[in-house]
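Q: First the structure, then my questions, so here it is.
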Amino acid sequence: MEWPELGDEVDAAYFDEIYRRSSDPWRYAEDDYELNKYRKQIDWLTDGGARRFGRGLEVACSIGVFTRMLAEVCDEVRAFDISSTAVERARENLRGVSNVELAVEKFPDRATQDPAAYDVITVAEVLYYFDLRSLLEAVNWIGDAVASGARVMVVNFAYPDRVGFGGEVVHDILAKELRHCRLRGERWPLTGDDGQGRAYRMDLFGPA
C-alpha cells in the first residue's frame, strides 16, 4: 500500500485516508507478527488465563481484531479510535459481539475516558504519533488509571520511521515515569528485528 504523506500533525483525516486505501492496512487480521503480539498481550493481561475483568478499555482499536480478543476476557469493553472509517470497519467486524461499545474519540480525553472507570486498559501502536506534551499527558493519564486499580498494557513498534517518536523513546519515558508500577516489560526480538524490519516494546503496568 502507498502510505499518505505524513505532516507535522497526525490527525483523523490522515488515518481515515489510510483506511480508505486498505481495509486492513497493517494486516492485523492475518499477519502472524501481529496476531502473536495480540496473544501475548492477552496472556500478560490475564496472567496466563487466570484473570478475568469487568470493564475494559481499548485505545486505538483500529478495525477491531484485538477488540474481539479483549472482549473474551472482559464482561464489557469500550473501544475507540480517532478514525471514523476505522470504527465503521470495526462495527462490521464485531457484528454479533454484544459486550463491545465502539466510539470515535481522541486519546486522552478526560471528558469521555475516566481513568478510574476501567479494570484493564490497552494502549497500542499510537503513542509514537504524539508530540511530547501530548505524550506526557497520556503518561499521566495511564498513571492515574493504575493508581485507580487498573492494569494497563502499552505496546508500540520499536522504531517506526514515519513518525517523530520511536517506540523505544516512548517506552523509556513510560518506564521512568511509571517505574513504581511496571509489572513486566519486554522488547521483541530482544535485539534487531524479525527479518522484516519489525520489532516492538511491550510494558504492563498495574498496582504494586
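Q: Of all DSSP beta bridges in the chain, what percent run antiparallel (nearest 5)?
A: Antiparallel bridges: around 40 percent, rounded to the nearest 5.
Q: What order, most packed first, do the peptides 137-144, 32-39 have when packing is the mean number of other Cβ atoms within 10 Å of each residue?
A: 137-144, 32-39
Q: Per the helix-only calculation at 222 nm, which mean residue ellipticity applies to the chain, given -39500 (n - 2.57) for every DSSP H run of n ≥ 4 and division by its residues, nearest 500 deg cm²/dmol? Mind showing how you got there, number by number?
A: On the way: 6 runs with 68 residues, N = 208.
Mean residue ellipticity, 222 nm, calculated: -10000 deg cm²/dmol.
Q: Could you check the spin-label model distance between VAL104 and VAL73? Points 7 Å from the Cα along Cα→Cβ, value in nm.
A: It works out to 3.1 nm between the two label points.
Q: How far is the Cα center of the stretch 94-113 from the Cα center of the stretch 124-198, in Å?
A: When both Cα centres are located, 21 Å separates them.
Q: List residues of the stretch 11-50, by number, whose backbone nitrogen lies under 14 Å from a label position 7 Å along Cα→C-beta of VAL97.
A: Flagged as within label range: 28-30, 35, 38-39, 42.
Q: Sticking with this one: Treat the chain as a sphere of radius equal to its Kirkwood radius over Cα pairs and apply Stokes-Einstein at 4 °C in a medium of 1.567 mPa s; give the translational diffusion coefficient in µm²/s, rounded to a whole number. Mind dumping the intermediate values first?
A: Numbers: Rh = 17.2 Å.
Using the Kirkwood radius from Cα pairs, D works out to 75 µm²/s.
Q: Work out the charge dipole of the chain with +1 on the Cβ of Lys and Arg and -1 on the Cβ of Asp and Glu about the Cα centre, then indicate which of ALA103, ASN156, ALA50 is farthest towards its positive end.
A: ALA50
Q: Continuing with the same structure: Ranked highest first by the average count of other Cβ atoms within 10 Å around their residues, in what order do 151-157, 57-63, 173-179, 95-101 fall?
A: Most protected by this proxy first, the peptides run 57-63, 151-157, 173-179, 95-101.
Q: Under 17 Å Cα-Cα from LYS176, which aspartates and glutamates qualify once same-chain neighbours fewer than 8 residues away are excluded?
A: LYS176 reaches GLU137, ASP144, GLU168, GLU186, ASP203.
Q: Could you work out what % of the accessible surface of the stretch 137-205 is carbon and sulfur, using a 1.4 angstrom probe and leaving DNA, RNA and ligands out of the count?
A: Accessible surface attributable to carbon and sulfur in the stretch 137-205 totals 47 percent.
Q: Compute the accessible area per residue over the chain, keeping the other protein chains in place, probe 1.4 Å, unit Å².
A: Value returned for the chain: 48 Å² of accessible area per residue.
The values are calculated or read from the model by the stated rules, or taken from the named source; none is laboratory data. Bear in mind the structure is a predicted one, so any value in this text is a computation, not a measurement. Note that we place each Cβ from the backbone using ideal geometry, even for glycine, and neighbour counts take in every protein chain shown. What goes into the accessible areas is simple: the full protein's heavy atoms, side chains included, and nothing from ligands, DNA or RNA. Shrake-Rupley method; radii C 1.70, N 1.55, O 1.52, S 1.80 Å.
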